[in-house]
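What follows is a short report on a single structure.
Derivation of every value follows stated rules applied to the coordinates shown; laboratory data play no part. Keep in mind that this is a model prediction, so the values were computed, not measured. As a convention, Cβ positions derive from the backbone with ideal geometry for all residues, glycine included, and neighbour counts pool all protein chains shown.
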Amino acid sequence: MREDKTKARLRAGLPVIGTFAFFGDPAVVEIVGSAGFDFVIIDAEHSPRDLGWVQEMVRAADAVDLTPLVRVL
């Protein structure tokens with residue numbers, strides 16, 4: 001398992017940059033990771049998405065070494 005770069009940066013006292021993902025396409029998450037962001041918040045609280053969608057988004061984040069955070073109710 002690789003080290004979480006967001007946690008490593010926070011431990012080192014460095015800033016991290018992230019954004020929310022409201023769109024249903026995992027490609028958006030891949031673009032966020034390719035753009036140099038450290039983390040993405042996958043918003044499952046205010047959306048009609050199911051667990052399968054969340055899994056797709058997390059897999060997309062993992063593919064580009066992006067830390068996924070999932071907001072749920």
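Once you list every other residue whose beta carbon is under 15 Å from the beta carbon of GLY33, what net charge do they have if Lys and Arg are +1 and Asp and Glu are -1?
Working: positive: ARG2, LYS5, ARG9, ARG59; negative: ASP4, ASP25, GLU30, ASP38, GLU56, ASP62, ASP65.
Value of the local net charge: -3.
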Show that you can apply the helix-only estimate: for the chain, add -39,500 (n - 2.57) for every DSSP H stretch of four or more residues, divide by all residues, and state [θ] at 222 nm to the nearest 500.
-11500 deg cm²/dmol
Computed from these coordinates, which is P(r) over Cα pairs in 10 Å bins from 0, in percent: (1) 21, 53, 24, 3; (2) 18, 42, 30, 10, 1; (3) 18, 43, 26, 13, 1?
(1)
Take LEU73 and LEU51, extend 7 Å from each Cα along the Cα→Cβ direction, and tell me the distance between the two endpoints in nm.
1.7
Backbone N within segment 12-30 under 20 Å of label point (7 Å from ARG2 Cα along the Cβ vector)
12, 14-19, 26-30
